[in-house]
Every structure is written in C-alpha cells, then in structure tokens.
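Shown next, in structure tokens, is the structure this report addresses.
All of the numbers you see were taken from the coordinates with simple rules; none came from a lab. Computed from a predicted structure; not experimentally measured. Here the Cβ positions follow ideal geometry from the backbone for every residue, glycine too, while neighbour counts run over all protein chains shown.
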Amino acid sequence: MNWSLLNVANNFTYLRYSLGIAMMFNGFPLIFFIRDTLGVGPASSIFTAIFFSFALILMVPMHLFKRLYKPNIILLNLGLAFLLMALYYFMFFNNVGKSVADVGNFAFTFGFIVLLMHVPNDVKDTLVMIIFLLSFFTNITLVYSLITDPNWTPGMRAAVNFANEGAQPGGNPHITARNGIVCMLTALMMLGNTKNLLTRIFLFFSVLFGLGVVVMSLAKSSYLGLGLAAFAYFIFRFKFSNITSAIGNAFKLRNFIFIAIILVGINYFLARYGDILNLLLGYWDIFQDRIMNVIFTSTGVRLSEEADVDYSAMGRVSGFGEFMETIFSWEVFLGRGYKADYLDVPILEAWVDQGIFGFLFFAAFNFFLFLFAIREIRRYTNPLSTFLAFFFLSMMVLLVTGGRPYDIAFWFPYAVMIRFLGIRYLDSYQKKKAATRLTTVTT
C-alpha cells in the first residue's frame, strides 16, 4: 500500500479516475449512508442518479474519444451482445412498461463502459487503493448508522434502513455484505506488498473489520461466495511450502513485531469488548438456522427440529417452475419479453426473458469471466486484477441466488472486469532476452 499515491498534486488525474470508478463499482453503501442516514438529498432514485452522474463526470478525460485503451475483447463482445439484446427487448418486446429507472440504468451502464475505455492501465495501483479506502470508510458509516438507528438491535441483519416510504424494512444486507467483501479482498491484495509495519497492521484489522461486517449482514450468498473464493485460493495458489516459509519468516524481527502487536491488539479488544465476539458467534448460530431452513424448503429434508420454510428460497423454487414452463414451450427461443418474470435467479431469468440467445450471451460472458478469474488467481498479475478475480468468484453465487441479469449491481462491477481483468499489463510482461553470445558458423 503506497500512501504517496494519495498525493493530489502528483497523482490528481489517476485519483480522479479512481474515485469515479470506485463510486460506480461500490457506491451503493455510500449512497444509502448519505441519503438515508444523514438525510441529505431526496430519498429516491433521483439522488442515486445524481451520485452516479457525478462519478461519471470524474471519469471524463481530456482526450475524450481521441485515445482509447484495449479492454478484454472477449468479455466486451459478450457483455455488449447481452446488453444490446436487453436494450432491444426493452424497446420492442416489453410488456411491463418503459420506466425512467430502466432508461437510466442502461444509460449509466453504457456510459460507464465507454469512459472505462479511456482509463489507462497504469491507474491500477491507485484504483485498488481508492476502492479499499472507500469500502473501509463505508464500513465505518455502517457502524454509525446502526448505532444511531433506534430500530436496530444486536442480532438483526446489519444494513442501513431506507428513508423513503414503501421501501423494504431492514435495508439491503446484500449491499452491506458486498462492501465487507470488497474491504477484505482489497486489504488482502495490498497486504502482501506492504512493508510498513503500521500500514500492515491497519490492513490486517481492515480484513477483520470487513469479515465482521459480512458476518453481521447474515447474507447467505456472501458467506458461500467467500467460501468459494477461499476454496479457489487453496486449490490454485496455496502450497504446503508456504507453511514452512511462513513459519521461518515469522521469526524475523519485523514480522515477529507485527505478529506480537496483532496478538496483543486482539487480546485487548476481546478483553475490553468481549460482547462483540459473543454477538458474532450469535450471528453464526442464526446463519446455521437459516441454512437448515433453506435445505428444508428446497428438499423437504428437516435436518433440525427448528427448521422452517425459507420464503426467499421458496420464491426461487417457484421461479424454477416458471423456467421449466418456458423450456417446454415456444417461448424457449425468443423468451417472454423484458422483465416478464422475476425468478430471483439471474442465469435462468436471462433465458425466460430473452430466450436461448439471451441465455447463451449471459452464460458465456460469466463462463469466460470465470476462466479469466481462475487464470488470474494462478498467475497473480497485479493486486487490482487479482482482487477482481476473487471478487467475481464471490459474486458467482448471486447468479443462482438473487437479483436480475439486468441489475447495475452486476453490470457496474462487470464493466470494471471487462476493462481490467484478463488484459496484458506491460509492467507485468517480461520479454525473453535475446541471445547476444557470438558463435562460430561453419559452412
């Protein structure tokens, strides 16, 4: 973690780009805090539009449409194919109406992709740092929101309550969990390359802070997503030799001091705030109960006496029934139309709404994203690319557990992955040295 990158005088352009990208990539927690907790601006989608418009303005370069940078062409083609098909269905195969919110979502998504093509690869170090700092700050704002919310009590899901009328009670815990995951992963990516002792301690506790936020969100998909990312790490990156080298490095003076401070800090925290640990353990018990409910709802198998119906899982089960009806009808080819049915399973809704071609574009896009993510995890090109790879793996669960294939919560991160994942970075590519030794030639 290089604090000198925050020097506005020397790095203003990259800081401007990075802040705009970070606001688009993970801006919803900050939107909810400003709009719903602080009460600044209208409690509606108008404030969200203003926020994202400001983010795009920060990304506008001086060389607009004069100099573009090469993204991941495979992901760009597949992503644009699905989005353009979705736009066509929105315009001409739409039985739910053309809402202003949908128009805005398409405009922001395409605008974000276009502006990302103007951002150079060298922004990567500044960008991953700004994404981390923004996520860390919004984790703090979450704690403030919970403390000042008279309706929140320990044991409830951690999320900012929406201020607008008719909004879902309890806020959106999935946004909370995603922000915690972003904080965790970015901190971990920078931790290995950081030498300063105090900065390493700060990054380590940021990881724990993010993990605590994820646990308190009680978002089952985020738990599974983190498990999937951890599994990929142990499969593709972990080596048993790392254990012996880690033990040996632990006795170096700098690392020994770092470990000692961490242990003392954790011991002090638990001694002074022991109730927080008990609170987190209580959340784990709640999570176990919810998993039992999901299993009972999906399979009918009751693994515990307290297991009950999980209504969110029940909605996905009924959505699968809608998918099967589509498969065995003529709608399998062209679909039922834009947002015709809400399945809460994006990968299946792409087929139900847009037919087999919509499904193929969306599924192929995510399949190649998966391949590029695994390749990046194995290679470790740079902190930004590796973060995006692990973050996509944590998002994969949502493809079958929640949301719609058109959601900007998917496509804003997708746009950043299109631009920065699976591309060639010049500072990470070493050409083979040409042989300069003279040899004799016989004829």
Karplus ³J(HN,Hα) for region 71-85 (6.51 cos²θ - 1.76 cosθ + 1.60, θ = phi - 60°; Hz, whole; x = Gly/Pro) runs x, 7, 5, 4, 5, 5, 5, 5, x, 5, 4, 5, 5, 5, 5
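Report, in cubic angstrom per residue, the convex hull volume of the C-alpha atoms of region 41-163. Spell out each step's value before the answer.
On the way: hull volume 22.2 nm³, N = 123.
Residue-normalised Cα hull volume stands at 180 Å³.
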Between Tyr69 and Phe110, the FRET efficiency computed from the C-beta separation at R0 = 22 Å comes out, to the nearest 0.05, as 0.80
The answer for the net charge of residues other than Met117 whose Cβ lies under 12 angstrom from its Cβ, with Lys and Arg +1 and Asp and Glu -1, is +4
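Could you compute how fast region 369-425 diffuses translationally, taking Rh as the Kirkwood radius over C-alpha pairs and applying Stokes-Einstein at 4 °C with viscosity 1.567 mPa s? Give it in µm² per second. Don't skip to the end; give the middle numbers.
Working: Rh = 11.6 Å.
For these conditions, the coefficient is 112 µm²/s.
What order do you get for 103-116, 175-188, 128-141, 1-14 when each peptide is scored by the mean count of other beta carbon atoms within 10 Å, highest first? Before the final figure, lay out the partial values.
Numbers: 103-116: 18.9, 175-188: 26.5, 128-141: 21.9, 1-14: 12.8.
So the order, starting with the most tightly packed, is 175-188, 128-141, 103-116, 1-14.
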FRET efficiency (Phe238, Ile266; Cβ distance; R0 30 Å; to 0.05) is 0.80
Most packed first (mean Cβ within 10 Å per residue), the peptides 31-43, 226-238 order as 31-43, 226-238
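By how many nm would the segment from Phe12 to Ile140 grow when fully extended, if each residue of separation counts as 0.36 nm and the alpha-carbon distance is taken off?
Working: separation 128, 0.36 × 128 = 46.08 nm, distance 2.54 nm.
Gain in length upon complete extension: 43.5 nm.
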